[in-house]
Amino acid sequence: MIRPPGPLCKDRVQRHFRLPIGDTDFVIDHDARGRCLDRPQHLIHIPYALGRIHNTIMFTVTSEIYGENNYQTTRDGGKVVSKFRFVYPEEKLAGIRTDKDGDLEVPRPKRGVIELEHSEATELRLVGLQVWRGALLLADYLFTKKDEFSGKTLMELGAGVGLTSIAAGIHNPGRIYCTDVDLGCILKLIRGNVQRNSKLLRGTISVLEFDFLASKNDHSLDLLEAIDNSDIILAADVIYCDTLTDAFISVLDNLLDRGCQTGRPKTIYMALEKRYVFTLEDCDSVAPMYEYLVRQTLNKPWIMEHLPLDFPQYFEYDRCKQLVLIKITSR
């Protein structure tokens, strides 16, 4: 198993490898007999073969959130469904209310649940079939800014199983475009999750394919129309390899440029988690995917603002210090 570096016990050996996963370095913990140790936070499972890592590795990735909270996951054959609990933002009350005895009535928070079908472990290219912390952070932000975003048209990029788009539709009565590349039948899965949670929704969610790596000339007419109609762009945990990061940056360039051309400027909100690994080159723990994103956007004509994470938490997850929320607009 591959993991970020941690404290070593006396029977643990730590080896550094470079794997063909976005040119990222990883550390593998194993004992003297070559058995992998522990269950890491950001999991890539590989066959260990006497210290050699072959180029034809078969590996899977597992989101860390499944071990953090009880999402009341049910399994039926190959189908996995989890319940993501939340509280609704408190509505402002008109005056103070008391009961018949004259005691102050303390309003109890209204609670809800988003039910999602998802995968528990996938190949790296299919990580969108899982749920990651960034989606929950962005959902919290949408709840916090529900009045500001109300009536706006939203588009989510790399939506995965649709959690953030569904969260947006709970308060926003407008249109939400939920997009991703159609790998692993993910668009069908999103549509099923939208239908599963339809009673929660005030807004209308449309599911469209948007492949970051595709040429603009290959975009469908529906997607092009959706881009022109969108005011707010959302993206959560879409950065995990350099090639995809470059494509994602190009997409943001095109969206911001298009907004300027049409007179409908776009604001982008991007949530991600800095994922740290130890490298011999740096002799330190670094977050290569995040740092690559920062380097590649240094000279962009954008305003990039790192937003504070002191807004309320409505969903159940670990809001760890590695989470980042970025607001991007054109200069």
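Every number here is computed from the coordinates shown, using simple stated rules; none is lab data. Just so you know, these numbers come straight off a predicted model, no measurement behind them. Cβ placement follows ideal geometry from the backbone for every residue including glycine, while neighbour counts extend to all protein chains displayed.
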Exercise. How far apart, in nm, are two points set 7 Å out from the Cα along the Cα-to-Cβ line at N254 and at K83?
Worked result: 4.1
For this session: Taking the Cβ of each residue in S250, S119, S215 as the centre, tally the other Cβ atoms inside 10 Å and list the residues starting with the fewest.
Result: S215, S250, S119
Problem set entry | Residue order, fewest to most beta carbons within 10 Å, for K152, K83 | K83, K152
Exercise. Exposure proxy check: M289, M304 ranked by fewest other beta carbons within 10 Å?
Worked result: M304, M289
For this session: Enumerate the lysines that K300 could reach by cross-link, defined here as Cα to Cα under 17 Å, with residues fewer than 8 away along the same chain left out.
Result: K266, K327
Exercise. Taking square-rooted eigenvalues a ≥ b ≥ c of the alpha carbon gyration tensor, is the range 125-330 rounded, prolate or oblate, where a/c under 1.5 means rounded and, failing that, a/b exceeding b/c means prolate?
Worked result: rounded
